[in-house]
Amino acid sequence: MKHAPTHAPPASLDALCFDNSYARLPFAFHTRLAPAPLPSPVLVCASAPAMRLIGIDPAEAARPQFVDAFAGNRMLPGSDPLAAVYSGHQFGSWSGQLGDGRAHLLGGVRTPAGTLELQLKGAGPTPYSRFSDGRAVLRSSIREFLCSEAMHALGVPTTRALCIVGSPLPVQRETVETAAVVTRIAPSFVRFGTFEHFSAADDCGRLLQLADYVIEHFRPWLRDEPQPHAALLADIARSTGEMIAHWQAIGFMHGVMNTDNMSILGLTLDYGPFGFMETFDAGHICNRSDTCGRYAFRSQPRIGLWNLYVLADALGPLIGHPDLTRELVDTHYAPAFDARFGQLMRARLGFATARPGDDDFIGATLGLLQLQRVDYTLFFRTLGELPGIRTREAHGCTGAPVRDQPLRDLFADREACDAWLVRWRARLARDGASDDVRRRAMRRANPRYVLRNWMADAAIRRARDGDFGEVDAVLRCLHAPFDDQPEFAHYAAPAPGRTSGMPVSCSS
């Protein structure tokens, strides 16, 4: 989620100005209900930048009223809580009606950057819970909170996370865990599956109403297009392509790219069994439940296209024949993905301009990382510190420049690294940029810190013992992922031993 840097003047929690546009839609879109009370709530962590985004003074987090409000125990003045209905395809199969089974939309808050909706995740059962208890656990809530804020700091379009509230309330998952509620922020939580819901019911009236609602509130510049609904689909295809290009470039794996987890605004939505690439493996599956590898890292662009085809079919009654709607997707998705991915990867490699042969070089680079099992984040960050030319300095016994050694140490086959560096430096020479300028640009493009699983696990272990300091420390580190931050240098290290890149559970 990207907004102008303008923030509302800091204010008290009760001064928030709500504008609940989704609640004004007919009851077919949602069910109004209050969150279930959370016993003995305690603040685990709050994001000061996210608080400022909606105009709350960060000092408000110290007040008991703040904890009660975001535990779901006290309604904020002007809020109108509801659970939204939607449907969707899960792991490629139609699942029928789904909906907010454990989420309560409090409403939209007016800010200088536009209206932003607040949603409590884990706030108790709703009519769409099916057989669920409607709760989330501390473990998954910490992971979602940290990753939402980390992705924003990395420049990836995403929902935000305001805070986590924990509770001793026991919740049965694979084991007995404790409950938590995470508060999410987004301009809208409408999903591909929201359109699927009304399409599957052959309810063209509601489908039209939903499409017009999205255009009116979130894409008003499309109103004057000759075919606004076709323009809406094209816009969703573009923004989705750009979002997934960010995922691939930064090494992020979503893990559950079901159509009910896809935002119509091109935001990363619903952080479940996600992961950041550590030892590079394009076939890595971060979700332990994904036994067929549908959502493996290399498959994410293809699945994004598949999901857009499903959305295109759902919008067919408003646009035209399925061939036409899918052609709209084809016209806008792949070009948006390719352009943004190329732009991001050239920046990561330090290339100032786009030149013929860059795509092949990027592919060869990823192939080398795959073959050599190199840590993805460390590779690019270390590369950015190397000189762009082969300097006249002391050489090791292999004849390689000593200043190349940090990168060479990431490779099992150091000669393969040396050969690649020759090609990389030859490509840099074609740009003619100064080394200082190129290095500064690469530091801005290549994070030192991403949310490695071991970091989240360490924070979770301490939080389970009532110590939330590690959650706060990881959050502060991830809010500035491109800075060196010597006090957090240990967070830049890969996971010890075989824990690197291990899949995580869908259970939350």
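For the reader, a short list of remarks on this structure follows.
- Positions within the stretch 254-275 being in a loop (DSSP other than H, G, I, E, B) and either under 20 Å from Asp457 (Cβ atoms) or of a type in the set (A, V, I, L, M, F, W, C) (or both), in sequence order: His254, Gly255, Val256, Met257, Ile264, Leu265, Leu267, Leu269, Tyr271, Gly272, Pro273, Phe274
- Selection within the stretch 132-161 - closer than 19 Å to Gly101 by Cα, small (Gly, Ala, Ser) and in a loop (DSSP other than H, G, I, E, B): Ser132, Gly134
- Each residue in the stretch 79-131 was checked for being free of Cβ contacts under 8 Å to residues at least 24 places away in the same chain and assigned to a loop (DSSP other than H, G, I, E, B), and 1 pass.
- Residues of the stretch 478-506 classified as more than 13 Å from Cys286 (Cα to Cα), at pLDDT below 95 and part of a loop (DSSP other than H, G, I, E, B), total: 4
- Count of the stretch 166-183 residues which are surrounded by fewer than 24 Cβ atoms within 10 Å (Cβ to Cβ) and not acidic (Asp, Glu): 10
- Those residues of the stretch 302-348 which are acidic (Asp, Glu) and under 24 Å from Met253 (Cβ atoms), in sequence order: Asp338
- Residues (surrounded by fewer than 19 Cβ atoms within 10 Å (Cβ to Cβ) and either under 26 Å from Ile215 (Cβ atoms) or of a type in the set (Phe, Trp, Tyr) (or both)) located in the stretch 320-341: Gly320, His321, Pro322, Asp323, Leu324, Arg326, Glu327, Asp330, Thr331, Ala334, Pro335, Ala339
- Residue ranges of helices (runs of 4 or more DSSP H) in the stretch 162-253 with at least 3 members out of contact with any strand residue (DSSP E or B) (no Cβ under 9 Å at 6 or more places or on another chain): 204-218, 228-250
- Residues satisfying the stated conditions in the stretch 259-307, i.e. more than 15 Å from the chain's Cα centre (by Cα), buried (at least 18 other Cβ atoms within 10 Å of the Cβ) and of a type in the set (A, V, I, L, M): Ile285, Ala296, Ile303, Leu305
- Residue that is surrounded by the most Cβ atoms within 10 Å (Cβ to Cβ) [pool: residues in the stretch 342-373 that are at positive phi and out of contact with any strand residue (DSSP E or B) (no Cβ under 7 Å at 6 or more places or on another chain)]: Gly350
- Condition check for Gly205: of a type in the set (Gly, Ala, Ser), modelled with pLDDT of 95 or more and surrounded by fewer than 22 Cβ atoms within 10 Å (Cβ to Cβ): yes
- Helices (runs of 4 or more DSSP H) fully within the stretch 285-381 that include at least 3 residues being in contact with a His (Cβ under 8 Å, 6 or more places away or on another chain) and in contact (Cβ under 8 Å) with a residue 12 or more places away in the chain: 300-314.
- Any hit, the stretch 157-165, residues being buried (at least 23 other Cβ atoms within 10 Å of the Cβ), farther than 19 Å from Ala123 by Cα and in contact with a helix residue (DSSP H, G or I) (Cβ under 8 Å, 6 or more places away or on another chain): yes
The values are calculated or read from the model by the stated rules, or taken from the named source; none is laboratory data. Since the structure is predicted, the reported quantities are computational estimates derived from the model, not experimental observations. Methodologically, a virtual Cβ is constructed for each residue, glycine included, from the backbone with ideal geometry; neighbour enumeration extends over all protein chains shown.
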